[in-house]
1. Can you find a residue in the stretch 54-67 that is in a helix (DSSP H, G or I), modelled with pLDDT under 95, more than 22 Å from the chain's Cα centre (by Cα) and crowded, with 17+ Cβ neighbours inside 10 Å?
2. Do you know which residues across the stretch 68-92 are at pLDDT 95 or above and touching a helix residue (DSSP H, G or I) at 6+ places or on another chain (Cβ under 6 Å)?
3. I need the full set of residues from the stretch 181-217 which are touching a helix residue (DSSP H, G or I) at 6+ places or on another chain (Cβ under 8 Å), surrounded by fewer than 19 Cβ atoms within 10 Å (Cβ to Cβ), at pLDDT 95 or above and not in a helix (DSSP H, G or I), in order please.
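The values are calculated or read from the model by the stated rules, or taken from the named source; none is laboratory data. No experiment lies behind these values; they were computed from the predicted model shown. Reconstructed Cβ throughout: ideal geometry from the backbone, glycine too, with neighbour counts over all protein chains shown.
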């Protein structure tokens, strides 16, 4: 890296992030679908490796252990246990890993401003370009607060799904945070029917989440723009006033 080529500094950050991402990706591959039950063993929730609810099972004798008022809390307890079980192999894999080697950029060797800007321009504009880079980095730092606020607001959202007398509540990231059923209905319907409507309410809530994700928020921020600039010397040169 030279004083007139800020690409190197961005590339170093990219390399560090890449190694961390590789560790998380490898750990995520170890996650498996899992099932969890409430403390009575009468309510079971099965989730995918990504934590999405795939099935709800209610035991035939659940009313001997619970009542309609307690049923929603039992589903949440089973869901929490299932989610925790999907994370056990993930955490174990992450703890056992050694730091991986940095992957090459998808387009080959790390791009440089020298590929798109002539030496005379770099020599003449190097210092102003570095000052502009410092400004861009300050913008990224300040933008991190806004990204954090937007992600927090997204997660704080509550989305409901309904089926028969069952209501399921998700947070903005898709996590299950509430299950309500009409107690009298729950106690009078067949266990399989009760489970089916809870799962149906969950699926309807999932469909109402919308397409915007935490990844979208980051991609649309200055942090996401910085990641793209690190891989595009032409865009970086334009950003720094070198073209």
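1. no
2. Of everything in the stretch 68-92, those that are at pLDDT 95 or above and touching a helix residue (DSSP H, G or I) at 6+ places or on another chain (Cβ under 6 Å) turn out to be 68, 69, 71.
3. Listed by number, the list holds a single entry, 182.
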